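Below is one structure, written out as structure tokens; comments come after it.
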Amino acid sequence: MAFSDTITELQKIDGEDFKRIGTAPLALRIALVVLACAAVVGAIHWYMILPQFDELTRVEAKESSLRRTFDSEQSKAANRTAYVEQLEEMNKTFNVMLRQLPNKTDIESLLVDLSQTSVAAGLEVEYFKPENELPREFYAEYPIRISVTGQYHQFGQFVSGLAALPRIVTLSGIDISALKSQGTRDSNTGPGRLKMDLMATTYRYLEEGE
């Protein structure tokens, strides 16, 4: 059948032909088959193929995420030996520093060391006052307010002596001022004598349960 004949047959289609589909003209039957196939193909595309494209996009995104995770873990695995060595070194350093923190029984001896250090430097202790302890995460700060008098170089000896102690001691709030002469011949208020006020802070580790 020529294409022109098919067009002619389609032009002859009317509503009654649908009631006699079995005996309908060939052009109508062909058109109906084409429409049915198109409907099936469209349904398959809409309900089966499009969801597969969405699933493919989701899987590709998951693959990219897993690949980044794999690359990160592979990098960590490649450097695991270096990480382990670094962790061991950090633990050793931490333990050394932790041993420099006194416990409760060491605080009293440390106070004696601080007092003796000031005396050894030739300073005169005006007052030596421990303040309230300040708890932190795994350690506690123990501030001590100190006021001493002496020569400038003696202050340097005192600070050097504190740095040589086996325990950690930090100094803050240092204030140095000249002593006012009282009009006497007392050597404690003689020329060149100074007064130094400071806060010396030591630390102790908190035991379990504190």
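Coordinate-derived values only; no laboratory data. Note that the structure is predicted; figures quoted are calculated from it, not measured. No Cβ is skipped: glycine too gets one built from the backbone with ideal geometry, and neighbour counts run over all protein chains shown.
Hey, rough spin-label estimate for Thr170 and Ser147, points 7 angstrom out along Cα→Cβ, what's it come to in nanometres?
Each label point is offset 7 Å from its Cα along the Cβ direction, giving 2.5 nm.
At 7 Å along Cα-to-Cβ for each site, give me the label-to-label distance between Met97 and Ala61 in nm.
4.4
Near the amide H of Tyr139, under 5 Å away, which other amide H atoms are found, from residues 5 or more places off or on another chain, if H is placed in the peptide plane?
Sorted by chain and number, the residues that satisfy this are Leu206.
Over all distinct alpha-carbon pairs, what is the Kirkwood Rh of the range 104-205 in angstrom?
14.4
Expressed in nm to one decimal, what extension gain is obtained for the pair Met90 and Tyr205 from 0.36 nm per residue of sequence separation less their Cα-Cα distance?
So the chain would gain 39.6 nm between Met90 and Tyr205.
Along Cα→Cβ, 7 Å out, is where each label goes; now give me the distance between the ones at Gln116 and Asp71 in nm to one decimal.
6.2
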